[in-house]
C-alpha cells in the first residue's frame with residue numbers, strides 16, 4: 001500500500017502541473033514522430049558521417065539500428081570526472097555488440113565547488129547548471145540520435161545534464177556514473193583539522209596534509225554531499241544501471257556496469273525491445289521518488305533547488321511544500337557524513353542505495369511500479385551488482401542491517417522524520433537540514449550579526465568580534481545578487497562558536513549544500529536580499545528566532561518599523577579574473593530559489 005501522504009503529494013503535483021505537463025508531452029510526441037537521419041539532406045548527413053569509420057557509416061546510412069549520443073563532462077581537473085576519459089571508446093565497443101553506433105556528441109563544462117569554495121569562482125557554480133543543460137542541447141540538436149548516454153557525477157553537472165536531456169524527452173537516456181574514490185582520511189578527522197586551523201591551532205602545512213589525505217585519487221569525494229546525492233537520486237529515478245552509483249572506478253565490476261548502460265540505452269530506443277522516452281519516464285512518480293530518497297538519506301540541501309528545476313524541465317511544478325509534506329512522514333534511514341561518521345564507501349558496503357530503496361518500497365514510501373531503464377520497476381534497484389564468473393549479475397541484500405550505525409530498516413529508523421524542514425515567517429521561506437544538528441540546537445533565538453559576504457564573517461571571527469549568542473545573517477548571496485555561492489567555509493567557525501558554549505545559527509539567501517551540519521542553518525532564503533526581500537532591512541541588534549520544530553523563522557521587528565527602514569544594498573564588486581561579467585544576464589534573469597533558481601523557461 002502506498003503511503004497516503006506520498007499518494008496525496010503525487011496527486012497534487014500532477015494536478016497543479018496538468019497544463020504544463022500536457023504541453024510538454026505534446027512536444028515529446030511531436031518530436032518522436034520524426035525519424036532521425038531520414039529527413040536530413042544528403043549534405044547534412046555527410047557532415048555527420050565524415051569522421052566516422054566505414055563500418056559505422058554503413059550502419060548509420062542504412063538505418064534501422066540505434067545511433068546514440070554520448071554527452072560527457074570529462075576533464076582531468078575534477079577527480080570525480082577524470083575516470084570518464086576512456087568511457088566513450090568503452091561505450092562504443094559495447095554498443096557495437098548490441099548492433100548500435102554512437103558518436104561523442106558534446107562535452108559539457110564541469111567545475112569543482114571544492115576548488116572554488118570561498119573564492120569568487122564559486123559565483124558561477126549554480127549558473128553552470130543551466131549552461132550545462134544548454135551545452136547538452138547543443139550536442140543533441142544535430143537531430144541524428146536515437147538515445148543518449150550521459151556521463152556526469154558532481155554537483156551541478158548531473159542536474160544540468162538531466163535538464164538538457166529532458167528538453168529532448170523523446171530520446172531514451174541512461175546516466176553513467178564512475179564511482180567514488182577509495183576511503184582516505186576520515187571525513188570527521190578532516191573536519192577536525194579544519195576547525196583547529198580556523199582557531200589558529202593547526203598550521204597550513206598540517207591542513208593541506210589532511211586535505212590531501214582525504215582527497216587523494218580519482219573518483220567522487222567520499223562524503224555525502226551533492227555529488228553523491230545526485231547518484232542516489234538517479235537510482236531512485238530509475239536512470240542508472242541498478243546499483244551502479246557507488247562502485248569504484250577502474251574495477252572490472254565498474255567496466256561491466258558501463259557496458260550494461262550501453263546495452264540498455266540501445267534496448268530502450270525505438271529500434272530496440274522497449275521504447276522508453278525520457279520525457280515519459282520522468283513523471284510525477286519519479287520526481288516524488290527522488291524527493292523521498294533525498295529525505296530518507298539526509299542528502300544535500302542543494303536538491304531543494306535542483307529537483308524543482310528538473311521538474312520544471314519535464315513540465316512539473318514541484319514546490320517546497322511538497323518536500324515539507326513528505327519530510328514529515330519519511331524516516332531517516334541512513335547516517336553518512338556529515339550526518340554520521342560513515343563515508344559513501346561504508347554506506348555502500350552496508351547496503352547503499354539498494355538497502356534504502358528496498359526499505360522505502362516496503363514501507364509504501366516509493367512508487368514501485370514505474371518505468372526504469374532496467375525495465376523491472378524499482379524492485380530491480382533493491383539488489384546489488386556483482387560479477388558471477390566474470391558476468392554481471394545482481395544478488396539480494398541481507399535482511400538485517402550489517403551496520404546499524406549506518407543504515408536502519410524503516411521499522412526502526414534513526415528518526416521518524418527526515419530532517420529537511422521548510423521554515424516560514426516574516427523574513428520569507430528557507431530550507432533547514434536538522435538531521436546532523438543536535439536537537440538541543442533546533443531552536444535558537446539571539447541577536448543578529450549582519451554581513452554582506454563570507455569574507456567579512458571570517459574577518460570578524462579572526463578579530464574576536466563574534467561573541468555571545470548570535471544569529472549570523474549573511475545576505476546578498478542569492479542567485480540575483482552573486483549567483484548563490486556555497487558558503488562552505490562558514491561551517492568550521494560556526495562549529496567552533498557553538499562548542500565554545502554560544503548559541504548560534506545561520507540565516508542566508510546563499511547555499512551550504514552537503515556541508516550542512518551541526519549548526520542550525522536557514523538556507524536559500526527567498527525572497528533574497530537583492531530582490532527586495534526583508535533580509536535587506538535586517539539591522540545589527542535585531543533579534544531573530546528560528547524554530548525547526550514548528551517550522552517558524554521570525555525577525556522580531558514590527559511591520560511598522562520595517563516600513564521605515566531603507567533596504568541595504570550590496571557593496572561587493574565583481575572580482576577580476578574570474579569571468580563573472582560574462583554571466584551578468586543570468587543574474588538579471590534568474591528566478592527565485594524556491595522555483596529552482598533557474599534562468600530557463602518552461603519546456
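Throughout, read-outs are computed from the coordinates displayed, never taken from laboratory work. For clarity, every value in this text was computed on a predicted model and none was experimentally measured. No Cβ is skipped: glycine too gets one built from the backbone with ideal geometry, and neighbour counts run over all protein chains shown.
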How far apart, in nanometres, would the label points at residue 321 and residue 51 be if each is projected 7 angstrom from Cα along the Cα-to-Cβ direction? 5.0 nm
Of all DSSP beta bridges located in the stretch 420-572, what percent are antiparallel, nearest 5? 55 percent
Gain in span if fully extended, residue 93 to residue 201, counting 0.36 nm per residue against the direct Cα distance: 33.5 nm
The stretch 108-250 shape via C-alpha gyration tensor axes, a/c threshold 1.5: prolate
Looking only at the chain, where both bridge partners belong to it, what percent of the DSSP beta bridges are antiparallel (to the nearest 5)? 45 percent
Distance (nanometres) between label positions extended 7 Å along Cα→Cβ at residue 216 and residue 82: 1.4 nm
With label points set 7 Å from each Cα along the Cα-to-Cβ direction at residue 440 and residue 404, the distance between them in nm comes to 2.5 nm
Hey, can you rank 114-124, 324-334 by average C-beta count inside 10 Å, highest first? 324-334, 114-124
0 to 90° range, to nearest 10: angle between helix 4-16 axis and the chain longest Cα axis: 80 degrees
Working from Cα positions, state the angle (0 to 90°, nearest 10) between the long axis of helix 157-166 and the longest principal axis of the chain. 50 degrees
Rounded to the nearest 0.05, what FRET efficiency is calculated for residue 396 and residue 328 with R0 set to 30 Å and r the Cβ-Cβ distance? 0.45
Suppose the chain between residue 35 and residue 502 were pulled fully straight at 0.36 nm per residue; how much longer would it get relative to their current alpha carbon spacing? 161.6 nm
To the nearest 10 degrees, how steep is helix 490-499 against the longest Cα principal axis of the chain, on a 0 to 90 scale? 50 degrees
Just check the stretch 505-598 against the gyration tensor rule for me: Cα atoms, a ≥ b ≥ c as the square roots of the eigenvalues, rounded for a/c under 1.5, and otherwise prolate or oblate depending on whether a/b exceeds b/c. oblate
Specify whether the C-alpha gyration tensor of the stretch 51-172 places it in the rounded, prolate or oblate class, a ≥ b ≥ c being the square roots of the eigenvalues: rounded for a/c under 1.5, otherwise prolate if a/b is larger than b/c and oblate if not. prolate
